[in-house]
1. Tell me the angle of helix 18-72 to the major Cα principal axis of the chain, expressed in degrees between 0 and 90 and rounded to the nearest ten.
2. Given contacts defined as C-alpha pairs under 8 Å and at least six residues apart, what's the relative contact order of region 181-321, whole-number percent?
3. Below 15 angstrom from the Cβ of residue 182, what's the summed charge of the other residues (Lys, Arg +1; Asp, Glu -1)?
4. How large is ³J(HN,Hα), in whole Hz, for each residue of region 168-180 in order, when computed from phi with the Karplus curve 6.51 cos²θ - 1.76 cosθ + 1.60 and θ = phi - 60°, using x for Gly and Pro?
5. Can you give the helix-only mean residue ellipticity at 222 nm for the chain, where every DSSP H stretch with n ≥ 4 adds -39500 (n - 2.57) and the sum goes over all residues, rounded to the nearest 500 deg cm²/dmol?
6. Would you grab the residues whose amide H sits under 5 Å from the one on residue 307? Only those 5+ places off in sequence or on another chain, please, with H modelled 1.01 Å from N.
7. Note down the relative contact order for region 49-316 as a percent, whole number, built from C-alpha pairs under 8 angstrom at least six residues apart.
8. I want the local charge near residue 196. Using Cβ-Cβ distances under 11 Å, sum +1 for each Lys or Arg and -1 for each Asp or Glu among the other residues.
Amino acid sequence: MKQARKLAQPRRMRGLSLVEIMVTVAIGLVITLGVVGVVGVNQQNLRITEGLSESQENARMAFELIARDVRQARDTGCGPVTASRVTDLDTTWWGNWYPIRGFDGTTGAPGVTTGSATGQRVSGTEALQLQGTGEAVVIGSFTGLNKVTLKTSSHSLRAGTVVICDMDNASLHNVTAVSGADVTFSPNIVISDPDNPQFQAAQYVATTWYIGNNGRAAEGGRSLYRVRRTPAGTTLTEEILPGVVDMNISYHRVGQANFAATPPTSEADSDLINAIELELVTETTQSSVATEAANADAELVGSDGRLRRTVTHVIAIRNTL
């Protein structure tokens, strides 16, 4: 008989020891925590970048919109005219010619309610009221004390309030009827000079800018608002930009060296204003972008960890007297 082969003994299998497993798990945890930390930092940096971009864009748009109204303030359509030579329409905030008017945090603004409801002005914040004109059309002839024929029938003076003017005088009127180039007004027009009567009619523009409650606490609760007199003759309250949380205004008067925080105290004082310094404070609508512990500077970190920016611009008024 052949000698039987001895069966090969299987090699003894050896597993990982407890120490090796613990070392492997520890290394894995370190790597995982590192990855999570990097992702967290990247996400936070993204939130900060988006927040800064949002604040910068909101501030830029706010300045552009307010600056447009500031620059055209006091224009009657024929140029600037002293307030004493403008005939008011009535005693409403938009019917009384007061082209540049400011309100500090303790003074109410006509046409704007201060309170905590959505759209109402935030107590303690300032407001700015401006009046001027938009499109102007040359008057061809007077067909009555309350009716003119314009040089063209292609115009936007279809309703609302208009300013009838010459180089020295102006008056506010409501449009009551339009037929082509013929426009009827109320009240009657007082002819300034029979030999050289008013020669232009312009669409009236009146706005009030303020910081209001937007009703969205998760976004910070405040926005830039505007109340305006529409070309249709109605008053409209609009939320313009979220995240604009405060506004501070200073005024430069003719003959003064510096800007002053005191708003115009009368229509005559309003005539002296030739520039406005506007400071806007914006916050990101996202919360927890930064923390007070990370940055104790209240100028950079606002409520609920929102990034805050304070930007100041000087706006010159074109229609100076």
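1. Value to nearest ten degrees: 10.
2. 17
3. Its environment carries a net charge of +3.
4. 10, 9, 7, 8, 9, 9, 9, 6, 10, 7, 9, 9, x
5. -6500 deg cm²/dmol
6. Under 5 Å from the amide H of residue 307 lie the amide H atoms of 284, 289, 290, 302, each far enough along the sequence or on another chain.
7. In percent, rounded to a whole number, it is 20.
8. Numbers: positive: none; negative: 166, 168, 193, 195.
Result for the neighbourhood of residue 196: -4.
Values quoted throughout were computed directly from the atomic coordinates according to the rules given, and no laboratory measurement underlies them. All of these numbers come straight from a predicted model, not from anything done at the bench. We place every Cβ from the backbone using ideal geometry, glycine too, and count neighbours over all the protein chains shown.
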